[in-house]
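Structure, as structure tokens:
Derivation of every value follows stated rules applied to the coordinates shown; laboratory data play no part. Quantities reported herein were computed from a predicted structural model and do not represent experimental measurements. Glycine gets a Cβ as well: all are built from the backbone with ideal geometry, and neighbour counts include every protein chain shown.
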Amino acid sequence: MPFTAAEENYIKTIFQLQIIEGMVSTNSVASTLETSAASVTDMLKKLKLKKLLVYEKYKGFKLNNEGKRAALSIIRKHRLWETFLVNILHFKWDEVHEVAEQLEHIQSNQLIDHLDHFLGNPQFDPHGDPIPDAAGKMPIMTQINLTKFPLHIVGEVCSVGSQSSDMLSLLSHKHIEIGSKISVEQFFAFDESIDVKINNSIMVNISAKLAQHLYVKKLNYAS
């Protein structure tokens, strides 16, 4: 079933919100998309007519199985395009989100399947987010937030919790990217900042706010 770009934006937003909230409210969608509650209500009527939503009285709404399949298809396209932009066209990881937001609305499944094959069927995008396969299945990640990572253990940065270009630019400035080796050397109680060693050589201090957006997986050796 084809959708307009606006419908796809709502479908993806509802999917992301229901992962966190379970049942989604009109106000939460309006806040996320920076639009009016009336506009959200109008779009929800369209999505309901397309049989993509489940409503629960006094609780809110969420995508049904058909809606979730549509959302995962959009997310798949977005993350494959981000991977293409970084790996093939050599965009920086803080430059691709807005471009992929435009490209994700291309409707050709054949193109996306060829793109997936061309890229070598990647499981994760340049920000470490899992890429759904054609059936909507995503690889499982085992990761720990950096604020909970043990001292003096070498880990690998595997995902970031935001695609803010400002945050990604800051990470690049601190020589941190997906795949970087990282070890927590010291926590500071005063401001909850953290000293970390990057790739066993560069020592940098990162704020508590930045650390909350970094996810790490353990490696099998100590620093």
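Assorted remarks:
- Phi-based couplings in Hz for region 4-10 (Karplus 6.51, -1.76, 1.60; Gly and Pro marked x): 6, 4, 5, 4, 5, 4, 5
- Spin-label pair S162-Q107: with each label point 7 Å from Cα along the Cα-Cβ axis, the two points sit 3.6 nm from one another.
- Subtracting the Cα-Cα distance of S25 and N87 from their residue separation scaled by 0.36 nm leaves 18.6 nm.
- Lys, Arg +1 and Asp, Glu -1 on Cβ, resulting dipole of the chain about Cα centre, debye, nearest 20: 840 debye
- Shape call, region 5-63: gyration tensor on alpha carbons, a/c limit 1.5: rounded
- Neighbourhood charge, 15 Å Cβ-Cβ cut-off, centred on I144 and excluding it, Lys, Arg +1 and Asp, Glu -1: +3
- Amide H to amide H, with H built 1.01 Å from N, I182 comes under 5 Å of G155, E156, V157, N199, counting only residues 5 or more places away or on other chains.
- Annotation: the residues K57, K148, K12, sorted from fewest to most other C-beta atoms within 10 Å of their own C-beta, follow the order K57, K148, K12.
- Of all aspartates and glutamates in the structure, the ones whose alpha carbon falls short of 19 Å from that of K12, not counting any fewer than 8 places away in one chain, are E21, E34, D42, E66, E82, E98, E101, E104, D125, D129, D133.
- Taking the inverse of the mean reciprocal distance over all distinct Cα pairs, the Kirkwood hydrodynamic radius of the chain comes to 19.1 Å.
- Phi-based couplings in Hz for region 59-67 (Karplus 6.51, -1.76, 1.60; Gly and Pro marked x): 10, x, 8, 7, 6, 7, 4, 5, x
- From its DSSP helices (H runs of at least four residues, each -39,500 (n - 2.57)), the chain gives a residue-normalised ellipticity at 222 nm of -12500 deg cm²/dmol.
- Label point 7 Å beyond Cα of H114 along Cβ direction - residues of region 68-89 with amide nitrogen under 11 Å: none
- Cross-link reach list, aspartates and glutamates versus K174, counting only Cα pairs under 12 Å and skipping chain neighbours closer than eight places: D195
- Residue (of V29, L17, V54) at the positive-pole extreme of region 5-63, dipole from beta-carbon charges: V54
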